[in-house]
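Taking it in order: structure first as structure tokens, then the write-up.
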Amino acid sequence: MPSFMEQVKTVAFHTLGCKLNFSETSSLSRLLEQDGFVKTDFDDTADVYVINTCSVTDNADKECRQLVRRIQRRAPESMVVITGCYAQLKPEEIASIEGVDLVLGAAEKFNIAEHLKNLTKGDSAKICSCDIEDVNSFHSSYSLHDRTRTFLKVQDGCDYNCTFCTIPMARGKSRSDSVENVVKNAEKLAANGVKEIVLTGVNLGDFGKGFEGGKKREETFFELIQELDKVEGIERYRISSIEPNLLTAEIIEFVANSRKFMPHFHIPLQSGSNDILGLMRRRYRRELYAEKVGLIKQFMPHCSIGVDVIVGFPSESDEHFRETYDFLHSLDVSYLHVFTYSERANTLALDIKPVVPVNVRHERNKMLRNLSHKKLQFFTEQHIGQTRKVLFESHNKDGMMEGYTDNYIKITTPFREEWSNNIIDWELR
Ligand code: SF4
């Protein structure tokens, strides 16, 4: 029988979850393209299908099964590879899904080309995964040609232990690229015509931990942004998300004075109740959060601030939720990302009682989404009449194009080729 690699030509990807996963899928795609594969659309017939899974999305398991079933109906002879956080957390469960050929854990995903060489369709699914404690290597990743904005992964893993979170179990210890290497990647991206880089990581503010030549490396996120600011050709940077306790005054001040770092922060809050923050084992209290928002607005009144918040965490009473609602209402922030708490295996939050009924969780989610809508509207209206710089994306969506101002206000307008991947002065109306 010919080996699998002799027959394989096309590969298709499907990504679930966060920006980190998108940047990693993009890198996996480049790795396989270097190995002779041709990338094709997930809805087309391919020789290999790769699904990059997430452990944060609800029903990761169901979603994964549905995707595999879809592939089986369309291309029963194709190889199916599952990787990502869910593959690290539940490798056996995934391997038992009919049609799956290969399960790649956190340490193995970037060796995908090697693993495919030894694969034969019809054998039972092969699991290549090690204990997450042993995952120590860092693989830099970035999305290229996928968007005008590129997601550049500079950090992975997390040393925190928030009681609701499975990410440290799926991605391992905090580790980073070196400043030097990130700068090289940024230069490479600039040479490819990329205008905006979104710095991405699991716990970005913890950037700097790593090993080089067997020796421990200690750098800081502040050092990183200072060096990136000097890279020619990149016109914009955004910081995807940063923990409030790691967002220092010097970072805020630097962003305020930089022409390249955009006035835009995304800062997880998770709850506006100090009781709940304690139970979540978050490393700050609401006072510190308010202080950081105040400092940002003092330096950059026009800065956009996004907030992650979880509703329905165990023991969140009506009173606790009211505290969160009122706190967010009072804060000068621009939009919210609202998550409904859902139980995750092996997390400490499972021991916290009482659980919040699911219908109450949904009701709270709705209230905060409405608040977010109002906040965004208010923030946008504050800028009407101003001229701000908009970077337009190159995608033509039914004759329309989209772009974002420096402070992350979304603009939609009829498509014009000469504007795509260009920064245009735009009067907000
Ligand atoms: S900081 Fe907390 S929520 Fe974020 S990845 Fe680490 S453990 Fe999870």
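The values are calculated or read from the model by the stated rules, or taken from the named source; none is laboratory data. Note that the coordinates shown come from a computational prediction; the quantities given were computed from them, not determined experimentally. Ideal geometry is used to build each Cβ from the backbone, glycine not excepted, and the neighbour counts take in all protein chains shown. Accessible surface is based on the protein model in full, side chains and every heavy atom, while ligands, DNA and RNA are left aside. Shrake-Rupley method; radii C 1.70, N 1.55, O 1.52, S 1.80 Å.
Look at (1) over 24 Å from Leu348 (Cβ atoms); (2) more than 16 Å from the ligand (Cβ to nearest atom) and you find that Pro91 fails only one, number (1).
Checked against (1) free of Cβ contacts under 8 Å to residues at least 60 places away in the same chain; (2) more than 16 Å from the ligand (Cβ to nearest atom); (3) open to solvent by 60 Å² or more (accessible area, probe 1.4 Å), Asp159 meets all criteria but (2).
How about region 237-251: which of its residues are part of a strand (DSSP E or B) and surrounded by fewer than 16 Cβ atoms within 10 Å (Cβ to Cβ)? Can you show your working first?
Start the filter on region 237-251 by keeping residues that are part of a strand (DSSP E or B), which leaves 237-239.
Within region 237-251, no residue meets the criteria.
Candidates Thr148, Thr166, Thr200: the one that is in the same structural domain as Ile225 (by TED's automatic domain parsing), more than 16 Å from the ligand (Cβ to nearest atom) and in contact (Cβ under 8 Å) with a residue 12 or more places away in the chain is Thr148.
Tell me which residues, restricted to region 169-180, are of a type in the set (D, E, K, R) and either crowded, with 22+ Cβ neighbours inside 10 Å or within 14 Å of the ligand (Cβ to nearest atom) (or both). Before you say what the answer is, go through the steps one by one.
Restricting attention to region 169-180, the residues satisfying the condition of being of a type in the set (D, E, K, R) are 171, 173, 175, 177, 180.
Within region 169-180, Arg171, Lys173, Arg175, Asp177 meet the criteria.
A Cβ distance below 7 Å, combined with a sequence gap of six or more or placement on separate chains, defines the contacts here; from region 293-315, residues that are under 17 Å from His383 (Cα atoms) and modelled with pLDDT of 95 or more reach residues that are open to solvent by 10 Å² or more (accessible area, probe 1.4 Å) and in a strand (DSSP E or B) in the pairs Cys303/His264; Ser304/His264; Gly306/His266; Gly306/Tyr335; Gly306/His337. Can you work out which of the residues in region 98-126 that are in a loop (DSSP other than H, G, I, E, B) and under 10 Å from Ala87 (Cβ atoms) is nearest to the chain's Cα centre (by Cα)? Per the criteria, the residue is Ala106. Whenever a residue of region 13-37 is in contact (Cβ under 8 Å) with a residue 60 or more places away in the chain, its partners that are among the acidic types (Asp, Glu) and open to solvent by 50 Å² or more (accessible area, probe 1.4 Å), lying with C-beta atoms within less than 8 angstrom and at least six residues away or across chains, give the pairs Leu16/Glu63; Phe22/Asp146; Ser26/Asp146. Highlighted here would be strands (runs of 3 or more DSSP E) found entirely within region 315-429 that include at least 3 residues which are open to solvent by 90 Å² or more (accessible area, probe 1.4 Å) and assigned by TED's automatic domain parsing to the domain that holds Met280, but there are none.
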